[in-house]
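The values are calculated or read from the model by the stated rules, or taken from the named source; none is laboratory data. From a predicted model like this one, the values you see are computed outputs, not experimental measurements. Backbone-built Cβ (ideal geometry, glycine too); neighbour counts: all protein chains shown.
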């Protein structure tokens, strides 16, 4: 084989880079952005001492903020239907894990956001507000504003669904799947999250670093949770011999109520988690204005 056509042989290969590498690369990128101090420079280029001209524009406020938020709520409900749908290539255990991780990603962003003392750019004095700028690294230091603005809640509308790609990009041992499918899901989640983050930056709701930290939190929760349960997922891929019942043994009729309970039981955990998210939203979290 010609040298130029030989496949690369580094541990992961050009098309099989581990998701762990991506997350580990994202952390120094986020820290580097924080160190540059570009957050304020970008916001000053967008805003004025009277505020942000694009804050209440119909496209950004009604379509790409409120509309996108409602659309992604519908995507989360569609994932619940995906868990119940029979006869799919992805085992139900993995589908349930994906939904739980998406929900936990939303919850993690909410928990940090509700504990944060960092106010939004449109609350700062430089843009007509009452708060003074304080770095989000200054833990426990209030800036005189309402706070609860770090990281970006709206960006989690997309980034929380990074977990959807994992059954293909980090498949359990013994599962053979097309990585291209996972790459498309990853690109979609990243695209929606980036659009949501840019929208909120243009409106004056979030610094660019808030979007990066939202991505890092969601990616860490998704990959960390997936790796924790992979041994449980892999046991599902190991076929077990099933004893053949005697030919003369009567086959009991299935109990309809038991079948309904079996189908609905996997939804209990994500439903409880989502209820927690909704409860946190009453305190100004994911379904709030930012």
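Quick rundown of the values:
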{"quantity": "The stretch 42-55, residues that are free of Cβ contacts under 8 Å to residues at least 40 places away in the same chain and either in contact with a helix residue (DSSP H, G or I) (Cβ under 8 Å, 6 or more places away or on another chain) or part of a helix (DSSP H, G or I) (or both)", "calculated": "45"}
{"quantity": "Selection from the stretch 97-121 of residues that are more than 16 Å from residue 215 (Cα to Cα) and surrounded by fewer than 23 Cβ atoms within 10 Å (Cβ to Cβ)", "calculated": "100, 114, 115, 116, 117"}
{"quantity": "Odd one out for residue 147 among (1) within 15 Å of residue 205 (Cα to Cα); (2) in contact (Cβ under 8 Å) with a residue 24 or more places away in the chain; (3) crowded, with 21+ Cβ neighbours inside 10 Å", "calculated": "(3)"}
{"quantity": "Index of the failed condition, residue 86 passing every other in (1) farther than 18 Å from residue 188 by Cβ; (2) free of Cβ contacts under 8 Å to residues at least 24 places away in the same chain; (3) within 21 Å of the chain's Cα centre (by Cα)", "calculated": "(3)"}
{"quantity": "Hits in the stretch 34-61 - residues which are modelled with pLDDT of 95 or more and under 22 Å from the mean Cα position of the chain (by Cα)", "calculated": "60, 61"}
{"quantity": "Answer residue from the stretch 72-83, given it is under 30 Å from residue 209 (Cβ atoms) and without any contact (Cβ under 8 Å) to a residue 60 or more places away in the chain and is farthest from the chain's Cα centre (by Cα) among those", "calculated": "74"}
{"quantity": "Qualifying residue in the stretch 93-113 (condition: on the phi > 0 side of the Ramachandran plot and within 21 Å of the chain's Cα centre (by Cα))", "calculated": "no"}
{"quantity": "Per-region count, the stretch 166-182, residues part of a helix (DSSP H, G or I), in contact (Cβ under 8 Å) with a residue 40 or more places away in the chain and closer than 16 Å to residue 97 by Cβ", "calculated": "3"}
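Residues checked against (1) in contact with a strand residue (DSSP E or B) (Cβ under 8 Å, 6 or more places away or on another chain); (2) surrounded by fewer than 22 Cβ atoms within 10 Å (Cβ to Cβ); (3) in a helix (DSSP H, G or I); (4) not assigned by TED's automatic domain parsing to the domain that holds residue 66:
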| site | (1), (2), (3), (4) |
| --- | --- |
| 195 | no, yes, yes, no |
| 206 | no, no, no, no |
| 210 | no, no, yes, no |
| 224 | no, yes, yes, no |
| 227 | no, yes, yes, no |
| 231 | no, yes, yes, no |
